[in-house]
Amino acid sequence: MTNEIPKEHIRHCMLFEFRKGNSATVATKNICDVYPNALNDRTCQRWFSKFKSGNFDLSDSHRSGRPQILDNDVLKAEIEVNPYKTIKELSNTFGMPWSTIQEHLKHIGKKSKTGVWVPHSLQEQYKIDRFLICNLLLQRHHTESFFDNLITAGEKWITYYKSNRKRQLISSNESPQITEKLDYQLNKVFLSVWWSIHGIVHFEIQKCKPTVNVDLYCEQLDRVNESLIQKYSEIINMKKITLQHDNARQYSGKQTFEKINKLGWEILPYPPHSSDISPSDFHLFPTLQHFLNEKKFKNFYDVKYAISKYLNLKPIDFYRSGIENLQIRWQRVVNNEGDYIID
């Protein structure tokens with residue numbers, strides 16, 4: 001039977017015909033006269049081209065279409081050394097198609113994700129401070145319920161889209177059509193906000209970031225206190241207000257401490273570079289930004305109204321969950337030995 005003839009023998013026959021000086025077509029006929037259907041012209045021509053180049057190796061050579069084997073352990077080790085390698089780079093490293101690399105990445109549980117921004121490159125001392133303060137706050141929370149009288153502060157640029165009129169080419173006797181512009185101009189406002197487990201206490205929205213010095217911040221604290229008296233007087237009467245704000249210069253000066261003492265408040269310990277344990281940063285601001293994304297506003301007053309409405313109409317459960325989540329995040333910082341929480 002034809003399929004019982006070893007491939008190597010047919011190749012030796014082709015080499016014999018080549019050395020005799022026969023063409024590939026003649027060689028195919030001569031070999032098939034002895035071994036019917038053992039060879040076709042195209043295969044013989046390929047081997048003759050190889051012989052003409054001076055390569056007389058009759059063994060199987062590598063073909064690009066042949067399935068290749070990739071060791072998952074080797075691939076995993078390569079990624080762990082440099083997790084920033086792209087699929088294209090891995091394809092070049094292992095000499096395999098993108099589809100093969102992607103399939104093996106799936107098998108070893110690796111996915112391509114964008115890197116995560118962190119607020120600051122934490123020095124060892126910062127990690128120690130974060131660990132100690134979060135551990136202290138956890139112990140206090142276990143022995144004293146103070147979330148009900150906690151006020152957390154935050155400030156941030158909030159981006160939004162502003163719709164503009166689109167110019168039209170029209171005749172002098174025509175009126176411009178009312179159309180909606182498809183491309184948007186990006187704008188932003190500066191939000192300062194103080195809130196609690198009970199909801200919004202006070203907020204201020206400006207077109208540009210104010211130069212917040214100690215005097216202005218003390219004035220803002222007076223406005224926060226007035227709002228507390230109006231909205232949550234029962235809390236002030238029952239418990240001492242605890243304020244959480246960051247360690248910016250205007251928040252940590254002598255005049256600020258004197259103002260807070262005069263108001264009868266206390267300051268909650270807060271480690272530097274720790275927006276991951278600030279409820280405004282990890283809870284309030286992301287949801288507010290998501291609300292504003294893709295919405296269009298004609299002017300500053302429209303976006304100010306939208307932000308005001310959003311903050312005031314959010315259910316109490318939203319604000320409660322943001323404050324109560326502090327306990328979980330403090331624990332995660334402790335478990336991370338002071339390193340950042342990566343959501």
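The values are calculated or read from the model by the stated rules, or taken from the named source; none is laboratory data. Source: prediction; values computed, not measured. Cβ: placed from backbone, ideal geometry, glycine included. Neighbour counts: every protein chain shown. Ligands, DNA and RNA are stripped out before the accessible areas are found, and what is left, the full protein with its side chains, is counted by its heavy atoms. Shrake-Rupley method; radii C 1.70, N 1.55, O 1.52, S 1.80 Å.
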Portion, in percent, of the accessible area of the chain that falls on carbon or sulfur, probe 1.4 Å: 51 percent
Linear extension gain, residue 16 paired with residue 293, 0.36 nm per residue minus alpha-carbon span: 92.2 nm
Accessible area expressed per residue, the chain, with surrounding protein chains retained (probe 1.4 Å, Å²): 63 Å²
Label point distance in nm, residue 141-residue 121, each placed 7 Å from Cα along Cα→Cβ: 3.1 nm
Relative contact order (%) - criterion: Cα under 8 Å, at least six apart; region: the chain: 19 percent
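May I ask for the longest run of the chain untouched by GluC sites (Glu not before Pro) that are loop-located per DSSP and have at most 14 neighbouring C-beta atoms (other than their own) within 10 Å?
Longest run free of exposed loop sites: 1-143.
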Loop trypsin sites (Lys or Arg not before Pro), region 208-280 (other Cβ atoms within 10 Å of the site Cβ: 13 or fewer; DSSP): 239, 240
Pairs from 127/239; 111/188; 162/231; 207/296; 259/314; 188/254 whose Cα-Cα separation, in the structure shown, is over 23 Å: 127/239; 111/188; 162/231; 259/314; 188/254
Excluding exposed DSSP-loop chymotrypsin sites (Phe, Trp or Tyr not before Pro) (at most 10 other C-beta within 10 Å), longest clean stretch of the chain: 118-343
Estimated distance in nm for a label pair at residue 52 and residue 261, the labels positioned 7 Å out from Cα along Cα-to-Cβ: 9.8 nm
Debye, to nearest 20: dipole size of region 217-323, +1 on Lys, Arg Cβ, -1 on Asp, Glu Cβ: 260 debye
Selection from 102, 268, 255 lying farthest towards where the dipole of the chain points positive, charges on Cβ: 102
Centre separation in Å (Cα based) which lies between region 197-247 and region 1-49: 92 Å
